[in-house]
Amino acid sequence: MAVTSDNIRDVLNRPRGLNEGTISELITIRTNEVNKVARGTSYNVSSAPSTDLKEGAIKMLVALDCLNILIDTVPSYYSEDMQRVYDRRFQQQILTFQQRADEALALITDKGTATFATGSSKTRLA
């Protein structure tokens, strides 16, 4: 299953103001980023992240990007009375999606893990 614009719209509860082209470009950009930082199979085949984990990270990152765009476009789509409500709602969602995106990226990257170590140690060689 690939990440689609409909997936992103569903995650965000289909808000007004999201352009199809923008979502597609963000998906492309974030897919490249996730593929770049994901663990490879060079060291251990079993440690490579699954496609589902990568797609989850892409969805969270694209949703976060879309929320940032929505905040900028709120005045275009909502009345002045509703702007404050949606602005607060989007700000709260940004915090939540930022946390989820960080967790999703941590699942697929080498951050915090050691694949090998370099350095010297004292030995008892005679």
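Only the coordinates and a few stated rules stand behind these numbers; no lab work does. Remember, predicted model here, so these are calculated numbers, not experimental data. Note: ideal-geometry Cβ built from the backbone for every residue, glycine included; neighbour counts use all protein chains shown.
Peptide packing for 76-88, 8-20, 58-70 was compared via the average number of neighbouring C-beta atoms within 10 Å per residue; ordered from the highest value, the list is 58-70, 8-20, 76-88. Legend: calculated FRET efficiency, D81 to N13, from the Cβ-Cβ distance at R0 = 25 Å, rounded to 0.05, equals 0.80. Shown here: segment 5-108, whose C-alpha atoms stretch 56, 25, 18 Å along the first, second and third principal axes, sorted largest to smallest.
Sorted fewest first by neighbouring Cβ atoms within 10 angstrom, K54, K36 come out as K36, K54.
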